[in-house]
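Peer 1: I have a structure here, written as structure tokens, and I will follow up with some questions on it.
The values are calculated or read from the model by the stated rules, or taken from the named source; none is laboratory data. This one's a predicted model, so the numbers in the text were calculated from it and none came from an experiment. Here the Cβ positions follow ideal geometry from the backbone for every residue, glycine too, while neighbour counts run over all protein chains shown.
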Amino acid sequence: MFIIISLNIWGLCSYFSPPQSLLLCLPLFIPPFLFLIYPMTLYVGKQATFQCSLTGTVPMEVVWHKDNIAISSEGNYVMKYEKNKYSLLIKSLELTDQGVYLCKASNNVGTATFTTELKVINKPSFIKSFEAASVAVNDPLRLECQVDEDTGVTVTWTRDGKKVHQSMDCKLSFEDKVAVLEIPKSKLKDSGKYVCTATNEAGSSTCEAVVTVQGKILKVIFPITWKQGIAARLQCSVKGSPELRIQWFWNERELSDGDKYKISFKAGVAALEIMNLVVIDSGSYTCEVSNNAGSEILFVKGAVVCFCMNSYCPSVSVCPLILTPCLLS
């Protein structure tokens, strides 16, 4: 007895010679893919699993490639085979894992391949942040920042640790990677540290800045204290948002602190002391208080000083706006 074996791409045939003549033919198959892998979009730090279901004539060799470079089962890659399923596991995705993946299955008959694409998304990072701002009461406030990624990104705002919600007084938006917080009319309570947080499944990033809303002067009280024969003291109590700037004027000419004039501003009290009073010190004294929100000019009513050198007091027309009688020397 003898055996004749014939092999080609269509299959294998064996012929057994008499006395028991038998012709046995077995078809051979190129390994087809029964389960296809679709493109995936995943986040940094997540796992990725590629899996192929194959049928075909064994023995069969399966090799995985990334961007045309063969992958070995080590480090961040784990390859598994169970029944007719071949899988590639990437344990923790990095940006460098993004690319085109190919599964190549081969046997004695031929080779079959299948490719798919993996996109890896990182956490959002701010490429443009907002800066510290100072606005006046009732002025609009706009904070704007931009991230480099908006896939699956949510944006939240906080002020001094408390979440800021969308409302008629505060508009929030996030479009084309740009996050915006708008307050049409600012109030003093809108002052604080603002933090914008952008988050996706890969992580989060923040940017922050301090916003100051400055109010105009709330209350002015203007008592006058005289120091007979030595000096006159003019003072006003001022309340408003810092930083307050105080300027004193005499007949529209700004006064400077020195030997003649002592200018101070402590504990909300702006004071001007006029030393060594003489007749020429008569006039109109003005205190101007300002901040970034605006200014108030305080005219000192009756603060014209008339200092008499003898028992004769001149006419009040010489010293208009006199609040107190002339003082005797």
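Peer 1: In the range 133-162, what residues are crowded, with 17+ Cβ neighbours inside 10 Å and over 18 Å from ASP190 (Cα atoms)?
Peer 2: The answer is CYS145, GLN146, VAL147, GLU149, ASP150, VAL153, VAL155.
Peer 1: For the range 246-262, give me the residue count where each residue is part of a strand (DSSP E or B) and surrounded by fewer than 12 Cβ atoms within 10 Å (Cβ to Cβ).
Peer 2: So the count comes out to 2.
Peer 1: Another question about this same structure. Could you tell me which numbered condition HIS165 fails, if it satisfies all but one of (1) within 15 Å of LEU181 (Cβ to Cβ); (2) at pLDDT 95 or above; (3) surrounded by 14 or more Cβ atoms within 10 Å (Cβ to Cβ)?
Peer 2: (3)
Peer 1: Something else now. Any chance the range 175-189 includes a residue that's in the same structural domain as ALA202 (by TED's automatic domain parsing), farther than 30 Å from LEU42 by Cα and in contact with a Phe, Trp or Tyr (Cβ under 6 Å, 6 or more places away or on another chain)?
Peer 2: No: the range 175-189 contains no residue that is in the same structural domain as ALA202 (by TED's automatic domain parsing), farther than 30 Å from LEU42 by Cα and in contact with a Phe, Trp or Tyr (Cβ under 6 Å, 6 or more places away or on another chain).
Peer 1: Is the range 91-100 home to any residue that is among the β-branched types (Val, Ile, Thr), out of contact with any Asp or Glu (no Cβ under 9 Å at 6 or more places or on another chain) and part of a strand (DSSP E or B)?
Peer 2: So far as the range 91-100 goes, no, none of its residues is among the β-branched types (Val, Ile, Thr), out of contact with any Asp or Glu (no Cβ under 9 Å at 6 or more places or on another chain) and part of a strand (DSSP E or B).
Peer 1: Please pick out the residue among LYS104, LYS123, LYS193 that is assigned to a loop (DSSP other than H, G, I, E, B) and in contact with a strand residue (DSSP E or B) (Cβ under 9 Å, 6 or more places away or on another chain). So that I can check it myself, show each step before the final result.
Peer 2: On the way: LYS104 fails: assigned to a loop (DSSP other than H, G, I, E, B); LYS193 fails: assigned to a loop (DSSP other than H, G, I, E, B).
One residue alone meets the criteria, LYS123.
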